[in-house]
Structure formats: structure tokens, C-alpha cells
Amino acid sequence: MDKDADVTNNITNRLAVCNMDWDRMRAVDLMVLFNSFLPTKALIHSVVVSISALLKFRILSSINIRANFLDLPVGIWSQTNG
């Protein structure tokens, strides 16, 4: 366990999986993995892979840098959903 991690008494139904090779890992892969640990009659409702704010910033920055280098309009590439 990480010494710097916050300790809480709150119980949630969520699990964070970090520092994976997300170019090769998909939500379905995580679903198969997690299902292999379930007891009989247990159920995982969903697995969602979402990017962090830092990764989102890096992606948009990279797009903006490329757009500027190629002299493309930046505004159309920086639109995101969510």
C-alpha cells in the first residue's frame, strides 16, 4: 500500500486501475480479468475506461502543437465531449 495514499472510511463500488498500457488494454479485457476473481453468483455491472485530466490536457496540447506546426485551425481539434 502506498504510504502517501489518503485513508478513508467511505465504502464505494468503484475500483481505480492506474498506470496501465492503455494503448493495449480495453474495458473488455478488464471485465474478463475481474470476472475471473468473482465468487459464484456475483456480478460486475460495468467497466469503464476514462482518461485523467492530465492525459486529456496532454492530448489536447499535442493536437494544438501539431495543428500549429501544420498551420491548421486549432479550434476544431480542441473540442471534446466531457
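Computed quantities for the displayed model
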| read-out | value |
| --- | --- |
| Of residues in region 1-55 being part of a loop (DSSP other than H, G, I, E, B) and aromatic (Phe, Trp, Tyr), the one modelled with the highest pLDDT | Phe37 |
| Matching residues in region 56-73 - criterion: being more than 22 Å from Asp21 (Cβ to Cβ) and either at pLDDT 75 or above or part of a helix (DSSP H, G or I) (or both) | Asn64, Ile65, Arg66, Ala67, Asn68, Phe69 |
| Qualifying residue in region 5-14 (condition: small (Gly, Ala, Ser) and surrounded by 11 or more Cβ atoms within 10 Å (Cβ to Cβ)) | no |
| Any chance Ala42 is within 22 Å of Ile59 (Cβ to Cβ) and among the aliphatic types (A, V, I, L, M) | no |
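The values are calculated or read from the model by the stated rules, or taken from the named source; none is laboratory data. From a predicted model like this one, the values you see are computed outputs, not experimental measurements. Glycine also receives a Cβ, built like all others from the backbone with ideal geometry; neighbour counts cover every protein chain displayed.
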